[in-house]
Amino acid sequence: MLDPDLQELARRVREFADDVVAPAAYEYDTERRLPIEIIRQMGEMGLFGLPLPQRYDGQGKSYLHLCVAVEQLARVDQSIAVTLEAGLGLGAMPVYRFGTDEQKDTYLPSLARGENLAAFGLTEAEAGSDAGGTQTTAILEDGWWTINGTKQFITNSGTPITNMVTVTAVTGERVGRDGSVGPELSTIIVPVPIEGFTALPAYDKVGWHTSDTHPLVFDGVCVPEENLLGERGRGFANFLSVLDEGRVAFAALCVGAAQGCLEEAVDYAKRRRVFGKAIGDNQHIAFTLARMQSRVAAARAVMHDAAHRIDVGMPFTKEASLAKLIASEAAVANANDATQIWGGYGFLNVNPVARHYRDARILTLGEGSTEVQLGIIARSLGFDKAFG
């Protein structure tokens with residue numbers, strides 16, 4: 001159902017994933033190291049600039065192009081896929097959506113070329129799903145923002161090529177329509193490295209070992225007033241928009257993971273022989289594979305629908321949550337089934353299904369947990385207190 005241009009992109013990225021990423025995946029996973037050389041190659045292919053305009057060295061393609069590329073990479077390595085997804089969806093796109101012309105000219109070209117990576121500093125120890133609980137502060141004085149606080153679980157924040165982090169911070173107070181007083185949240189660009197900024201040692205994670213993820217400390221970081229991204233006080237609305245878009249690309253990652261598990265399970269079921277026949281000849285195995293295929297098809301359909309809505313300017317908040325919910329649960333289920341079909345070999349880290357099994361667990365947590373997605377969908381049905 002993809003047009004020829006999207007089909008060609010899918011073919012190119014699939015070949016790159018199979019020929020370059022997959023053979024090195026176990027090594028980098030074991031070393032827990034982001035392979036910058038592979039990221040450079042992805043940049044040369046134009047992947048980091050797919051939905052960005054050509055004036056910023058992007059490819060001028062649709063958001064669906066990004067989703068297609070992320071899906072193909074995630075088939076073989078979720079860590080590499082999330083580096084692209086977060087680098088664009090959470091790193092470059094906020095600057096593109098809300099930045100000034102000067103900010104776009106400064107940061108987007110090198111991000112689009114894959115020469116640099118950007119991070120989005122939202123989550124804190126006490127402010128994850130409840131982003132309104134942000135404790136990081138930014139005080140404006142004499143034309144300079146002074147930022148103090150900490151962030152948690154920030155992707156692409158400590159790589160050798162990270163050059164900026166967009167930070168959500170409390171910049172004052174705001175009065176609600178009902179007269180209540182709450183924090184005024186804004187987003188500010190912090191170029192890195194910079195005095196007062198520290199990316200603490202990377203987390204020891206269950207999965208996504210190749211993905212770069214750090215806690216961050218901002219201790220009196222000073223940046224000029226013009227580093228404000230978007231309007232002051234619009235940080236909450238802006239990062240909700242960023243997260244909606246990011247969830248669609250994240251859903252594409254989940255689809256790719258589910259597809260990768262299916263491919264590994266089908267291949268093994270055809271060549272693994274027990275009691276004189278291939279295990280796929282057993283109805284239970286064949287039916288399990290059929291169910292895995294149905295999950296992939298359903299997840300891909302809702303993901304494509306959400307991406308199309310972004311590209312044509314239609315509302316997509318509910319559809320983004322549907323895509324993220326359905327695709328993440330499909331990936332987790334397929335990882336479990338693939339591991340079961342592989343048996344003891346599926347428990348060995350050298351085999352891709354073991355890596356998918358470990359990696360998939362984050363998919364129902366990252367970019368908004370399953371419960372958050374259910375709350376958004378329930379609210380779209382008229383149940384506004386679902387989050388309560």
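Computed quantities for the displayed model
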| item | result |
| --- | --- |
| Where a residue in the stretch 244-270 is modelled with pLDDT under 95 and its partner, wherever it lies, is among the polar types (S, T, N, Q) and crowded, with 24+ Cβ neighbours inside 10 Å, with Cβ under 9 Å and at least six apart | D244/S321 |
| Test: residue in the stretch 175-190 that is modelled with pLDDT under 95 and among the polar types (S, T, N, Q) | yes |
| Any hit, the stretch 364-374, residues being part of a helix (DSSP H, G or I) and out of contact with any Ser or Thr (no Cβ under 9 Å at 6 or more places or on another chain) | no |
| Any hit, the stretch 286-295, residues being within 14 Å of C67 (Cβ to Cβ) and not charged (D, E, K, R) | no |
| So A118, is it outside any helix (DSSP H, G or I) and either buried (at least 24 other Cβ atoms within 10 Å of the Cβ) or in contact with a Cys (Cβ under 6 Å, 6 or more places away or on another chain) (or both) | yes |
| Answer from T100, T187 - the residue that is in contact with a strand residue (DSSP E or B) (Cβ under 6 Å, 6 or more places away or on another chain) and either farther than 30 Å from R355 by Cα or open to solvent by less than 20 Å² (accessible area, probe 1.4 Å) (or both) | T187 |
| The stretch 314-345, residues that are over 18 Å from the mean Cα position of the chain (by Cα), open to solvent by less than 40 Å² (accessible area, probe 1.4 Å) and farther than 16 Å from V206 by Cβ | A333, N334, D337, A338, I341, W342, G343 |
| Unique residue being over 29 Å from N227 (Cα atoms) and modelled with pLDDT of 95 or more when the list is R75, R40, R55, R113 | R75 |
| Residue in the stretch 337-355 that is of a type in the set (A, V, I, L, M), under 22 Å from A25 (Cβ atoms) and out of contact with any helix residue (DSSP H, G or I) (no Cβ under 8 Å at 6 or more places or on another chain) present | no |
| Filter result (hydrophobic (A, V, I, L, M, F, W, C), open to solvent by less than 10 Å² (accessible area, probe 1.4 Å) and free of Cβ contacts under 8 Å to residues at least 60 places away in the same chain) within the stretch 133-163 | A138 |
| Inter-residue pairs, beta-carbon under 9 Å, first touching a residue at least 24 places away in the same chain (Cβ under 8 Å) and more than 17 Å from Y96 (Cβ to Cβ) and in the stretch 180-191, second assigned to a strand (DSSP E or B) and small (G, A, S), 6+ apart | P183/G172; E184/G172; L185/A169; S186/A138; S186/A169; S186/G172; V190/G121 |
| Options L52, L9, L73, L64; residue that is over 20 Å from P160 (Cα atoms), open to solvent by 20 Å² or more (accessible area, probe 1.4 Å) and of a type outside the set (D, E, K, R) | L64 |
| Residue within the stretch 256-267 that is open to solvent by 60 Å² or more (accessible area, probe 1.4 Å) and over 30 Å from K324 (Cβ atoms) present | no |
| The stretch 346-388: number of residues that are of a type outside the set (V, I, T), more than 28 Å from V242 (Cβ to Cβ), more than 24 Å from the chain's Cα centre (by Cα) and open to solvent by 20 Å² or more (accessible area, probe 1.4 Å) | 2 |
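The values are calculated or read from the model by the stated rules, or taken from the named source; none is laboratory data. Computed from a predicted model, the values in this text were never measured in an experiment. Please note: Cβ atoms are built from the backbone with ideal geometry, for glycine as well, and neighbour counts cover all protein chains shown. Heads up: the accessible areas ignore ligands, DNA and RNA and are worked out on the full protein's heavy atoms, side chains in. Shrake-Rupley method; radii C 1.70, N 1.55, O 1.52, S 1.80 Å.
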